[in-house]
1. Rounded to the nearest 0.05, what FRET efficiency is calculated for Arg207 and Leu304 with R0 set to 30 Å and r the Cβ-Cβ distance?
2. What FRET efficiency do you get for Arg260 and Glu196 if R0 is 35 Å and r is their Cβ-Cβ distance, rounded to the nearest 0.05?
3. Measuring from a point 7 Å past the Cα of Arg286 along Cα-to-C-beta, which residues in the range 195-212 have an amide N at less than 19 Å?
4. What's the local net charge at Ala41, with K and R +1, D and E -1, over the other residues with C-beta under 13 Å away?
5. Can you give the extra length, in nm with one decimal, that the chain gains between Arg227 and Arg149 once fully stretched, where that is 0.36 nm per residue apart less the Cα-Cα distance?
6. Largest first, how would Tyr133, Tyr43, Tyr180 line up by accessible area (1.4 Å probe)?
7. Share of the range 131-303's accessible area from carbon and sulfur, percent, 1.4 Å?
8. If I take R0 = 22 Å and measure r between the Cβ atoms of Arg234 and Ala38 in this structure, what FRET efficiency does the formula 1/(1 + (r/R0)^6) give, to the nearest 0.05?
Amino acid sequence: MRVLGIETTCDETAAAIVGLSPAGKPEILSNAVLSQIAAHAAYGGVVPEIAARAHVEALDRIVMRAFAEADLEPHQIDAVAAAAGPGLVGGVMVGLTTAKAIALVTGKPFIAVNHLEAHALTARLTDNLAFPYLLLLVSGGHTQLLVVRGVGDYLKLGGTIDDAVGEAFDKIAKMLGLAYPGGPSVEREAEAGDPERFDFPRPMSGRPKPDFSLSGLKTAVRLVAERIAPLSDRDVADLCASFQAAVVDLLVDRTRAGLRACREAGVMPGALVVAGGVSANQPIRRGLTRLATEAGLPMIAPPLSLCGDNGAMIAWAGLERLKLGMVDNMGALARPRWPLDELRPKP
Ligand code: KG4
Ligand code: ZN
(Lines give C-alpha, C1' and ligand atoms only; values in the text may rest on other atoms or scores of the structure.)
(Ligands and ions follow the chains in the order given, each with its own letter.)
Protein backbone atom coordinates (compact mmCIF):
# COMPACT_ATOMS: atom_id res chain seq x y z
CA MET A 1 0.00 0.00 0.00
CA ARG A 2 1.49 3.37 -1.04
CA VAL A 3 0.09 6.88 -0.82
CA LEU A 4 1.25 10.17 -2.33
CA GLY A 5 0.82 13.11 0.06
CA ILE A 6 0.81 16.80 -0.91
CA GLU A 7 1.24 19.68 1.55
CA THR A 8 0.71 23.36 0.61
CA THR A 9 -1.14 24.91 3.57
CA CYS A 10 1.56 27.42 4.53
CA ASP A 11 5.07 28.14 3.27
CA GLU A 12 6.43 24.68 2.43
CA THR A 13 5.68 23.07 -0.92
CA ALA A 14 5.97 19.36 -0.15
CA ALA A 15 5.20 15.96 -1.64
CA ALA A 16 6.06 12.51 -0.33
CA ILE A 17 5.26 8.86 -0.80
CA VAL A 18 4.70 6.66 2.24
CA GLY A 19 4.07 2.93 2.11
CA LEU A 20 3.74 -0.15 4.25
CA SER A 21 6.42 -2.85 4.03
CA PRO A 22 5.20 -6.43 3.43
CA ALA A 23 5.47 -6.88 7.22
CA GLY A 24 3.17 -3.87 7.71
CA LYS A 25 5.87 -1.42 8.83
CA PRO A 26 5.48 2.22 7.70
CA GLU A 27 8.16 3.38 5.28
CA ILE A 28 8.89 6.87 3.95
CA LEU A 29 9.80 6.16 0.33
CA SER A 30 10.43 9.81 -0.53
CA ASN A 31 9.99 13.19 1.15
CA ALA A 32 10.53 16.26 -1.05
CA VAL A 33 10.18 19.65 0.67
CA LEU A 34 10.81 23.08 -0.79
CA SER A 35 10.84 25.83 1.82
CA GLN A 36 9.72 29.30 0.75
CA ILE A 37 11.53 30.97 3.68
CA ALA A 38 13.67 33.14 1.38
CA ALA A 39 10.59 34.45 -0.48
CA HIS A 40 8.94 35.66 2.75
CA ALA A 41 11.98 36.67 4.84
CA ALA A 42 11.95 40.30 3.73
CA TYR A 43 8.37 40.66 5.05
CA GLY A 44 9.06 39.03 8.43
CA GLY A 45 6.22 36.55 7.94
CA VAL A 46 4.31 34.52 5.36
CA VAL A 47 2.57 36.61 2.66
CA PRO A 48 -0.42 34.51 1.47
CA GLU A 49 -0.37 35.72 -2.17
CA ILE A 50 3.37 35.08 -2.53
CA ALA A 51 2.94 31.63 -0.94
CA ALA A 52 0.09 30.61 -3.29
CA ARG A 53 2.03 31.72 -6.38
CA ALA A 54 5.19 29.93 -5.22
CA HIS A 55 3.18 26.70 -4.68
CA VAL A 56 1.82 26.93 -8.24
CA GLU A 57 5.32 27.37 -9.62
CA ALA A 58 7.00 24.60 -7.61
CA LEU A 59 4.45 21.87 -6.97
CA ASP A 60 4.67 19.89 -10.24
CA ARG A 61 8.44 19.69 -9.88
CA ILE A 62 8.21 18.63 -6.21
CA VAL A 63 5.65 15.90 -7.02
CA MET A 64 7.89 14.59 -9.81
CA ARG A 65 10.83 14.60 -7.40
CA ALA A 66 8.78 12.56 -4.88
CA PHE A 67 8.08 9.91 -7.56
CA ALA A 68 11.71 9.92 -8.76
CA GLU A 69 13.16 9.56 -5.23
CA ALA A 70 10.80 6.65 -4.52
CA ASP A 71 11.60 5.17 -7.93
CA LEU A 72 7.88 4.80 -8.66
CA GLU A 73 5.53 5.70 -11.51
CA PRO A 74 2.21 7.45 -10.77
CA HIS A 75 0.16 4.30 -11.49
CA GLN A 76 2.12 2.41 -8.79
CA ILE A 77 0.52 4.31 -5.91
CA ASP A 78 -2.79 3.33 -4.28
CA ALA A 79 -4.18 6.77 -3.39
CA VAL A 80 -3.49 10.49 -3.54
CA ALA A 81 -3.84 12.61 -0.39
CA ALA A 82 -3.60 16.39 0.00
CA ALA A 83 -3.93 18.72 2.96
CA ALA A 84 -7.34 20.39 2.50
CA GLY A 85 -6.83 22.77 5.45
CA PRO A 86 -6.66 24.43 7.85
CA GLY A 87 -4.31 26.96 6.29
CA LEU A 88 -3.91 29.72 3.73
CA VAL A 89 -6.70 29.04 1.27
CA GLY A 90 -4.81 30.00 -1.92
CA GLY A 91 -2.04 27.50 -1.23
CA VAL A 92 -4.46 24.81 -0.08
CA MET A 93 -6.38 25.10 -3.37
CA VAL A 94 -3.16 24.55 -5.34
CA GLY A 95 -2.35 21.31 -3.50
CA LEU A 96 -5.92 20.06 -3.48
CA THR A 97 -6.48 20.66 -7.21
CA THR A 98 -3.17 19.02 -8.13
CA ALA A 99 -3.98 15.97 -5.99
CA LYS A 100 -7.47 15.64 -7.51
CA ALA A 101 -5.99 15.85 -11.02
CA ILE A 102 -3.44 13.11 -10.27
CA ALA A 103 -6.19 10.95 -8.72
CA LEU A 104 -8.44 11.43 -11.78
CA VAL A 105 -5.70 10.65 -14.28
CA THR A 106 -4.46 7.55 -12.42
CA GLY A 107 -7.95 6.40 -11.38
CA LYS A 108 -6.85 6.17 -7.73
CA PRO A 109 -8.87 7.25 -4.67
CA PHE A 110 -8.50 10.81 -3.40
CA ILE A 111 -8.21 11.69 0.29
CA ALA A 112 -8.66 15.20 1.75
CA VAL A 113 -6.45 15.30 4.85
CA ASN A 114 -6.74 17.68 7.79
CA HIS A 115 -3.26 19.20 8.27
CA LEU A 116 -3.61 19.02 12.08
CA GLU A 117 -4.58 15.35 11.91
CA ALA A 118 -1.42 14.75 9.89
CA HIS A 119 0.72 16.32 12.66
CA ALA A 120 -1.30 14.32 15.20
CA LEU A 121 -0.75 10.93 13.51
CA THR A 122 2.99 11.37 12.78
CA ALA A 123 3.89 9.53 16.00
CA ARG A 124 2.23 6.40 14.55
CA LEU A 125 4.33 6.70 11.39
CA THR A 126 7.59 7.01 13.34
CA ASP A 127 6.89 4.99 16.50
CA ASN A 128 3.99 2.71 15.64
CA LEU A 129 2.16 4.19 18.63
CA ALA A 130 -1.21 2.75 19.69
CA PHE A 131 -4.30 4.88 20.53
CA PRO A 132 -5.12 6.65 22.81
CA TYR A 133 -2.38 9.23 23.51
CA LEU A 134 -2.21 12.78 24.78
CA LEU A 135 -1.07 15.23 22.12
CA LEU A 136 0.38 18.70 22.62
CA LEU A 137 0.05 20.30 19.20
CA VAL A 138 2.20 23.43 18.95
CA SER A 139 2.71 25.20 15.64
CA GLY A 140 2.61 28.66 14.10
CA GLY A 141 -1.17 28.70 14.01
CA HIS A 142 -2.25 26.21 16.70
CA THR A 143 -1.73 25.43 20.37
CA GLN A 144 -3.94 22.65 21.69
CA LEU A 145 -4.06 19.66 23.98
CA LEU A 146 -6.00 16.73 22.55
CA VAL A 147 -6.69 13.12 23.30
CA VAL A 148 -6.05 11.19 20.10
CA ARG A 149 -8.52 8.30 20.37
CA GLY A 150 -8.40 7.07 16.79
CA VAL A 151 -8.28 8.21 13.18
CA GLY A 152 -10.79 11.07 12.95
CA ASP A 153 -11.47 10.79 16.68
CA TYR A 154 -10.14 13.70 18.75
CA LEU A 155 -11.15 15.06 22.14
CA LYS A 156 -9.97 18.64 22.59
CA LEU A 157 -9.08 19.30 26.22
CA GLY A 158 -7.92 22.89 25.81
CA GLY A 159 -6.37 25.45 23.50
CA THR A 160 -5.01 28.96 23.35
CA ILE A 161 -7.31 31.88 24.04
CA ASP A 162 -5.05 34.27 22.08
CA ASP A 163 -1.70 33.62 20.30
CA ALA A 164 -0.27 30.26 19.26
CA VAL A 165 3.14 29.36 20.73
CA GLY A 166 4.93 29.48 17.35
CA GLU A 167 3.30 32.84 16.65
CA ALA A 168 4.65 34.17 19.98
CA PHE A 169 8.18 32.97 19.05
CA ASP A 170 7.81 34.66 15.64
CA LYS A 171 6.57 37.96 17.12
CA ILE A 172 9.31 38.08 19.79
CA ALA A 173 11.91 37.43 17.09
CA LYS A 174 10.54 40.22 14.91
CA MET A 175 10.46 42.60 17.88
CA LEU A 176 14.13 41.82 18.64
CA GLY A 177 15.21 42.11 15.01
CA LEU A 178 15.97 38.38 14.61
CA ALA A 179 15.57 36.42 11.37
CA TYR A 180 12.29 34.82 10.26
CA PRO A 181 11.11 32.17 11.08
CA GLY A 182 11.41 33.25 14.68
CA GLY A 183 11.35 29.93 16.56
CA PRO A 184 14.76 28.66 15.50
CA SER A 185 16.28 32.18 15.84
CA VAL A 186 15.02 32.62 19.40
CA GLU A 187 16.18 29.12 20.37
CA ARG A 188 19.66 29.85 18.96
CA GLU A 189 19.95 33.23 20.74
CA ALA A 190 18.70 31.70 23.99
CA GLU A 191 21.60 29.24 24.10
CA ALA A 192 23.96 32.06 25.10
CA GLY A 193 21.46 33.85 27.35
CA ASP A 194 20.54 33.85 31.04
CA PRO A 195 17.06 32.31 31.50
CA GLU A 196 16.77 33.82 34.99
CA ARG A 197 17.62 37.44 34.25
CA PHE A 198 13.99 38.41 33.59
CA ASP A 199 11.13 36.88 35.54
CA PHE A 200 8.41 36.77 32.87
CA PRO A 201 4.85 35.60 33.65
CA ARG A 202 3.68 32.02 33.00
CA PRO A 203 0.03 32.80 32.09
CA MET A 204 -2.74 30.36 33.17
CA SER A 205 -0.33 28.34 35.34
CA GLY A 206 -2.08 26.31 38.02
CA ARG A 207 -5.52 26.47 36.40
CA PRO A 208 -7.32 23.12 36.16
CA LYS A 209 -8.60 23.58 32.58
CA PRO A 210 -5.65 23.04 30.22
CA ASP A 211 -5.97 26.28 28.24
CA PHE A 212 -3.12 28.51 27.11
CA SER A 213 -2.49 32.24 26.85
CA LEU A 214 0.61 33.76 25.30
CA SER A 215 -0.20 37.40 24.69
CA GLY A 216 0.54 38.62 28.25
CA LEU A 217 3.96 36.99 28.11
CA LYS A 218 4.63 38.58 24.73
CA THR A 219 3.66 42.02 26.08
CA ALA A 220 5.86 41.53 29.15
CA VAL A 221 8.86 40.82 26.90
CA ARG A 222 8.09 43.91 24.81
CA LEU A 223 7.80 46.19 27.86
CA VAL A 224 11.15 45.02 29.27
CA ALA A 225 12.82 45.32 25.85
CA GLU A 226 11.51 48.90 25.54
CA ARG A 227 12.63 49.76 29.10
CA ILE A 228 16.23 48.56 28.69
CA ALA A 229 16.70 49.69 25.03
CA PRO A 230 19.06 50.12 23.25
CA LEU A 231 19.60 46.37 23.41
CA SER A 232 23.06 44.83 23.51
CA ASP A 233 23.67 41.31 22.13
CA ARG A 234 23.72 40.14 25.75
CA ASP A 235 20.27 41.74 26.37
CA VAL A 236 18.78 40.04 23.28
CA ALA A 237 20.17 36.65 24.33
CA ASP A 238 18.87 37.09 27.91
CA LEU A 239 15.43 38.20 26.69
CA CYS A 240 15.22 35.13 24.41
CA ALA A 241 16.42 32.75 27.15
CA SER A 242 14.04 34.20 29.75
CA PHE A 243 11.10 34.14 27.30
CA GLN A 244 11.84 30.56 26.26
CA ALA A 245 12.14 29.46 29.92
CA ALA A 246 8.68 30.92 30.57
CA VAL A 247 7.27 29.08 27.52
CA VAL A 248 8.77 25.77 28.68
CA ASP A 249 7.32 26.23 32.18
CA LEU A 250 3.87 27.17 30.93
CA LEU A 251 3.74 24.32 28.40
CA VAL A 252 4.77 21.81 31.08
CA ASP A 253 2.23 23.20 33.55
CA ARG A 254 -0.60 23.17 30.97
CA THR A 255 0.30 19.68 29.77
CA ARG A 256 0.30 18.47 33.38
CA ALA A 257 -3.25 19.87 33.64
CA GLY A 258 -4.01 17.98 30.38
CA LEU A 259 -2.84 14.69 31.88
CA ARG A 260 -5.09 15.33 34.87
CA ALA A 261 -8.04 16.17 32.58
CA CYS A 262 -7.42 12.91 30.70
CA ARG A 263 -7.62 10.88 33.87
CA GLU A 264 -10.78 12.70 34.89
CA ALA A 265 -12.31 11.84 31.50
CA GLY A 266 -11.47 8.19 32.18
CA VAL A 267 -8.77 8.02 29.50
CA MET A 268 -5.42 6.34 30.17
CA PRO A 269 -3.05 7.71 27.50
CA GLY A 270 -0.23 5.40 26.47
CA ALA A 271 2.18 8.26 25.74
CA LEU A 272 2.69 12.00 25.74
CA VAL A 273 3.24 13.19 22.18
CA VAL A 274 4.37 16.63 21.00
CA ALA A 275 3.94 17.64 17.35
CA GLY A 276 3.91 20.70 15.07
CA GLY A 277 6.71 23.09 14.11
CA VAL A 278 7.47 24.20 17.69
CA SER A 279 8.16 20.57 18.68
CA ALA A 280 11.63 21.08 17.15
CA ASN A 281 12.56 23.20 20.20
CA GLN A 282 15.00 21.26 22.39
CA PRO A 283 14.31 22.92 25.78
CA ILE A 284 10.57 22.33 25.21
CA ARG A 285 11.27 18.66 24.43
CA ARG A 286 13.39 18.34 27.59
CA GLY A 287 10.67 19.92 29.76
CA LEU A 288 8.01 17.59 28.35
CA THR A 289 10.28 14.57 28.76
CA ARG A 290 10.68 15.40 32.47
CA LEU A 291 6.89 15.67 32.81
CA ALA A 292 6.28 12.37 30.97
CA THR A 293 8.85 10.58 33.16
CA GLU A 294 7.13 11.98 36.26
CA ALA A 295 3.81 10.58 34.89
CA GLY A 296 5.37 7.20 33.97
CA LEU A 297 4.73 7.71 30.24
CA PRO A 298 7.00 7.68 27.20
CA MET A 299 7.44 11.08 25.50
CA ILE A 300 7.42 10.96 21.73
CA ALA A 301 8.54 13.84 19.52
CA PRO A 302 8.99 13.58 15.76
CA PRO A 303 12.49 13.54 14.26
CA LEU A 304 13.46 17.11 13.33
CA SER A 305 12.79 16.44 9.63
CA LEU A 306 9.13 15.70 10.44
CA CYS A 307 8.48 18.52 12.96
CA GLY A 308 7.81 21.21 10.38
CA ASP A 309 5.30 20.84 7.57
CA ASN A 310 6.06 17.98 5.19
CA GLY A 311 4.39 15.66 2.69
CA ALA A 312 5.16 12.44 4.57
CA MET A 313 2.75 13.30 7.36
CA ILE A 314 -0.02 13.99 4.82
CA ALA A 315 0.71 10.74 2.97
CA TRP A 316 0.68 8.82 6.27
CA ALA A 317 -2.64 10.35 7.40
CA GLY A 318 -3.97 9.44 3.93
CA LEU A 319 -2.73 5.88 4.32
CA GLU A 320 -4.37 5.53 7.76
CA ARG A 321 -7.65 6.72 6.22
CA LEU A 322 -7.30 4.52 3.12
CA LYS A 323 -6.85 1.43 5.35
CA LEU A 324 -10.21 2.26 6.97
CA GLY A 325 -11.91 2.99 3.64
CA MET A 326 -12.26 6.67 4.55
CA VAL A 327 -11.78 8.19 1.08
CA ASP A 328 -13.27 11.43 -0.27
CA ASN A 329 -14.93 12.55 -3.46
CA MET A 330 -13.90 15.27 -5.88
CA GLY A 331 -16.29 17.70 -4.20
CA ALA A 332 -13.98 18.07 -1.16
CA LEU A 333 -13.30 21.79 -0.62
CA ALA A 334 -10.37 23.77 0.73
CA ARG A 335 -11.07 24.69 4.35
CA PRO A 336 -9.18 27.68 5.81
CA ARG A 337 -10.59 26.76 9.24
CA TRP A 338 -11.04 23.11 10.13
CA PRO A 339 -10.89 22.23 13.85
CA LEU A 340 -9.79 18.68 14.63
CA ASP A 341 -12.74 17.96 16.86
CA GLU A 342 -15.05 18.45 13.84
CA LEU A 343 -13.66 15.25 12.31
CA ARG A 344 -15.62 12.03 12.80
CA PRO A 345 -14.33 8.48 13.20
CA LYS A 346 -15.49 5.75 10.83
CA PRO A 347 -18.94 4.69 12.06
O1 KG4 B 1 3.91 23.29 11.90
P2 KG4 B 1 4.63 24.44 11.28
O3 KG4 B 1 5.82 24.15 10.39
O4 KG4 B 1 3.63 25.32 10.43
C5 KG4 B 1 2.33 25.53 10.89
O6 KG4 B 1 1.47 24.65 10.61
O7 KG4 B 1 2.15 26.56 11.60
O8 KG4 B 1 5.09 25.43 12.46
C9 KG4 B 1 5.79 26.61 12.21
C10 KG4 B 1 6.04 27.33 13.53
C11 KG4 B 1 6.63 28.74 13.36
O12 KG4 B 1 5.93 29.63 14.19
C13 KG4 B 1 8.08 28.57 13.84
O14 KG4 B 1 8.65 29.75 14.37
C15 KG4 B 1 7.93 27.49 14.88
O16 KG4 B 1 6.99 26.59 14.33
N17 KG4 B 1 9.21 26.82 15.15
C18 KG4 B 1 9.84 26.84 16.36
C19 KG4 B 1 11.07 26.15 16.18
N20 KG4 B 1 11.14 25.72 14.88
C21 KG4 B 1 9.98 26.14 14.27
N22 KG4 B 1 9.48 27.39 17.53
C23 KG4 B 1 10.34 27.26 18.57
N24 KG4 B 1 11.54 26.63 18.47
C25 KG4 B 1 11.95 26.07 17.31
N26 KG4 B 1 13.13 25.45 17.22
ZN1 ZN C 1 1.94 22.49 10.50
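1. Values: r = 32 Å, r/R0 = 1.06.
Once rounded, the FRET efficiency stands at 0.40.
2. On the way: r = 28 Å, r/R0 = 0.80.
With R0 = 35 Å, the Cβ-Cβ based efficiency is 0.80.
3. Label zone hits: 195-200.
4. Every neighbour counted, the sum reads -1.
5. Length gained between Arg227 and Arg149: 23.3 nm.
6. Values: Tyr133 0, Tyr43 135, Tyr180 40 Å².
Descending order: Tyr43, Tyr180, Tyr133.
7. Carbon with sulfur: 52 percent of the solvent-accessible area.
8. That gives a FRET efficiency of 0.15.
The values are calculated or read from the model by the stated rules, or taken from the named source; none is laboratory data. Here the structure is a predicted model, which means the values were calculated and not measured. Virtual Cβ from ideal backbone geometry, glycine too; neighbours counted across all protein chains shown. The area values use the complete protein model at the heavy-atom level, side chains included, leaving out ligands, DNA and RNA. Shrake-Rupley method; radii C 1.70, N 1.55, O 1.52, S 1.80 Å.
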